[in-house]
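I have placed the structure first, in the form of C-alpha cells, so that the comments after it can refer back to it.
No lab work stands behind these numbers, since they all come straight from the coordinates. All figures in this text were calculated on a predicted structure; none of them were measured in a lab. Here the Cβ positions follow ideal geometry from the backbone for every residue, glycine too, while neighbour counts run over all protein chains shown.
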Amino acid sequence: MPEAIRVFVVDDHEVVRRGVAALLESEDDVEVVGEAGSVAQARPRIAATVPDVALLDMRLPDGDGIDLCRDVRSQNPNVRCIILTAHDDDEAVYAAVVAGASGYVLKDMRSASLIDAVRAVAQGRRLLDPAISRMALTRMSASQPSASPVDALNTREREILELIAEGMTNRQIGETLALAEKTVKNYVSSLLAKLGIQRRTQAVAVQLEHRSRPSE
Amino acid sequence: MTEEGFLTFPEEPRAKLDEALSDLVTRASDVLATQGRLRALLKANQLISQQLDLPVVLRRIVETAIDLVRAEFGALGVIGQEGNLEQFIHVGMGTADVERIGHLPEGHGLLGALIVDPHPIRLSHLADDERYSGFPAHHPRMDSFLGVPILVGDRVFGNLYLTNAAAGEFSSDDEELVKALAATAGFAIDNARMFANAQRRQAWFAASAELTVAVAGATDDPLELVVERVRQVACADLVRVLIPSRDSESMIIVRARGQDEDSIVGLEISRKGSVPGRVLQSGKPLLLNEDQVPGASKTLGLGPTMAVPLSTAGKTSGVLAVSRLPGGVPFAPEDLEMVADLAGRVGIALELAAARSDRQHIALMEERGRIARDLHDHVIQQLFATGLELQSIAGTLPAGGGPERLEQAISHIDQSIGQIRTAVFALAPKSRGGQISVRHRIIDLVGELGSALTEKPWVSFEGPVDLVIVGALADDVLAVVRESLTNVAKHASATKASLVVAIRDSGVEIEVQNDGAGHPSARSSGLTNLRERALSRGGDATFSSTDGAATFRWYVPINGRHDA
C-alpha cells in the first residue's frame, strides 16, 4: 500500500474543519496531519508538517486563502494547495489562478468531489481546465472589472500576472524579475484589489462577529 | 300815466343789446355745455381708472367714449406685434349685425391708416376720404368718423374709433375730449396690465413653491404634478415633458396634460427642427408665436408654444413644452421667464428626490449585502458541515436502506446550498465594471418568465458561468433559457421547473426539467431552432421524457474557440 496522502485543513469554521477532516479520515489513503482556523496559525503549522495537500478556505478572519496559498508555495513549492470556498465558481476560478493553487473545491456536496480532488492534486494534476484558466487570465489582464483607467493593471502587475499563470511562486517571480519577495507580495495584493476579488478584511470580520453575538 | 312816461330805447342800440344778450345766453349755455362735458370727461376718467381687469377696462373705455361725444358706434382695436388688429372690442352694434358680417376688421383702410400713423383722424363723411376702403356686406351705414390712438408709455397700444355723431359730425371739441380720454385710457391699460402681470407672477411663484416642495417629497410621479400644475398656471391647452430617446435623433413624450394627453404619451418626435429638439440642443428657453411654430407642432394641433429645459445636475435631461391651441393668446416674454424659473426649481427638486432615492437604494443594497454575507458566512458553512458529517456516517453504515436515505438527505442539502448560493448571488450588485453578468441576466429572465408557471423555476449555476458564457454565446444561452421555459409553461402543464446552467467537462450545459408530461409540441419550431443553435457551435440538444418528468438538455463545447 502506498504512503497515505498527508492533508492540512485551514478553515475558520470549526464544524467545517471537523467535517472535512472526518470525511478525509474515513478514506484509507488519506491522513489529516493538521488543522488551523486562521492565517497566523496556519503558516507555522504548515511549515512544520509539510503536507502533500493543503485545503485553504478562501476567507479567513486575519487574511485570505489566496495570500496564504502564495506564502505556503513560496516556502515550499511541493505543497499543493486547493482553495476551499463557499463563494461561487466565477470568484473561485480567479482566486485559484491568482493563488497559484492546483484548483478549487466549492463547499457543497455535489458528486462528493472533495476526496477525488485531493487524490488528483496529490498526484500532481490540476483541477482547473486549462481553457478556463486561460480565459480567466485573459479576462483579468484585458478587461478590467473596474471601468476606471486608474485601476487598470500596470505593466509590472501584468508581468507578474503572467508569471503567476505559469505557476511560479512569489519567490520564483522575485528571482525572475529581480525583486524582493516582499515586493512581489505587495504587487500581488494590489493586483487582487484591482481585480475586485473579494477579500475579507479584518474590519469586516470584527464587525460581523460583533453583530451576530447579541442575537445568539 | 302817459305813454310818454315810458322809457324808450332807440331801435338800433336795442337791436345791439338783444344781440349781445342772446350772445351772452348762447355763450353761457356753451360754457354750461362745456362744463357739462368736462364733468362727463372727469366722470369717464374716473370710471375707467377704477378698473383693474384689462378686458373690463377696454370695454369701459369704448362705452364712455361713446357717451362723451354722443356717437352711435364705438370700437377699440388692440394692435398686435405684427401691426395687425389683435383684438377688436366694439360697442353699439347688435349681435345679429355682427353675425351677418361674419368677421371682425383686420386693420385695412382707415383703421389701418391710424395704425401706420398714430394721429387723430376726424372726418365728416367716411366715404369721402381716399383711405376709405369700403365696408363689408351687411355692415351698418357709417358716416362721420373720429379715430384717436391710445398710447401706453410711448408705444401705441391701439386706437379708439367712433362713428355717427348724434350732431351729424364730430367737432374739434369732441376730438379734444376723446384725446383726453385716450390719455387716461393709456394709464388705465398700463395699470391693468401691471396688475395682471403681478397676479400672474404671483400665481407662478406660488406654483413654483408648491411644486418644489411636492416634487422633492413626492412618493408618486413628480412629473405628473408638474404638467398638471403648469397647465393650470399657464392657462395652457397642452403641457408636455419630453426626454431624449436612445437613438439620439428623436425625443419621446413621457408626460402630457391637456389636449389628447393619453394618445400622445409615448410618441416620438424628431429632434431636428422641432421646438423641444432645439431647446434640448441649446439648453435655452424658446418662445414661439403661432406662425413661428414648425410644421411638426402644427400637426399636433398646437398654436403658441414655449419650451424650457429641465436640467438635473447641470445637464439638460428633458424639455418642458407649454402650448396653447391655434388662435390662443400668444405667450408673453414674462410667461417664458416664469416657466423657465419654475423648471429650474423643479430640476433641483428632482435632483434632491433622486439623491434621496439613491440613498434609500444604497441602504437597501447594504442590507442585502449583510443578508448575503450572513447566508454565506454562516448558513452555507453549517449546511456544508452537516452534509460532510452525513457523508461520513453513510460510509460506516451497512448497505440497504440507511445509506440510500442518507444519500438522499445529502443531495437535498446540496440543493439547498445551491439555492442559497444563487440567492447570495442575486442579492449582490448586478454590474461589475458596467457589464451585467450573464448569471444576472438569466436570473432576471427567469423572474420575468416565472409568472407563467405555478412556481418560480428553481435556478442553479455550476462552474464559472460568467467567465465562459460571454458575447454571442451569452445571447444563445439566454435564447435557450427563454424558449425552453416558455415551452414548459405553454405545453408541459407543469407546476415545477428547474434550470441548471453549468460549465462541465469543457462545455456549456443547460438543463431544463419539469414535472409535467412530455408533450409532442416539445418538438416545436422554437426547440428546433435551439437545436440548430447548438449544432452550429458543435454541440447538440436533446429532449427526453419519462413518467412525470421531462428534460431538455442543450450542450455546446467551449473548445477554446470562444467569443470572449
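Here is how the numbers come out for the structure above:
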quantity	calculated
Estimated Rh, chain B: Kirkwood, alpha-carbon pairs, angstrom	32.6
222 nm mean residue ellipticity, helices alone, for chain B (DSSP H n ≥ 4; -39,500 (n - 2.57); rounded to 500)	-16500 deg cm²/dmol
Loop trypsin sites (Lys or Arg not before Pro), the stretch B:50-87 (other Cβ atoms within 10 Å of the site Cβ: 16 or fewer; DSSP)	B:Arg70
Inter-chain Cβ neighbour average for residues B:371-384, partner chain, 10 Å	5
Sparse-neighbourhood loop sites, GluC sites (Glu not before Pro) in the stretch B:244-323 - DSSP loop, at most 16 other Cβ within 10 angstrom	B:Glu249
Given A:Lys194/B:Lys496; A:Lys107/B:Lys456; A:Lys107/A:Lys194; B:Lys272/B:Lys315, the pairs whose alpha carbons are separated by over 30 Å	A:Lys194/B:Lys496
Qualifying chymotrypsin sites (Phe, Trp or Tyr not before Pro) for the stretch B:1-110 [loop in DSSP, other Cβ within 10 Å: at most 13]	B:Phe6
Whole-Hz couplings from phi, Karplus 6.51/-1.76/1.60, listed for the stretch B:335-340; x for Gly and Pro	4, 4, 4, 5, 6, 5
Rounded, prolate or oblate (a/c below 1.5 giving rounded, otherwise prolate when a/b exceeds b/c) for the stretch B:218-331 by Cα gyration tensor	rounded
Surface/4 estimate of mean projected area, convex hull on alpha-carbon atoms of the protein assembly as shown, nm²	61.4
Length added when fully stretched, B:Asp475-B:Lys298, from 0.36 nm per residue minus Cα-Cα	59.4 nm
Exposure proxy ranking, count of Cβ atoms within 10 Å, fewest first, for B:Val98, A:Val105, B:Val230	B:Val98, A:Val105, B:Val230
Beta bridges by DSSP in the protein assembly as shown, antiparallel share as percent, to the nearest 5	75
Shape category assigned to the stretch B:346-427 from the gyration tensor of Cα positions, a/c cut at 1.5	prolate
Peptide-level mean, for B:391-403, of C-beta atoms on other protein chains within 10 Å	2
Chain B - percent relative contact order, Cα under 8 Å, separation 6 or more	7
Cα gyration tensor category, rounded, prolate or oblate, for the stretch A:1-116 with a/c compared to 1.5	rounded
If the convex hull is drawn through the Cα atoms of the stretch B:1-140, its volume per residue in Å³	223
Fully extended contour minus Cα-Cα distance, from B:Ser357 to B:Ala166, at 0.36 nm per residue	61.3 nm
Leading residue at positive end of dipole, chain B (Cβ point charges), from B:Ala321, B:Ile380, B:Gln281	B:Ile380
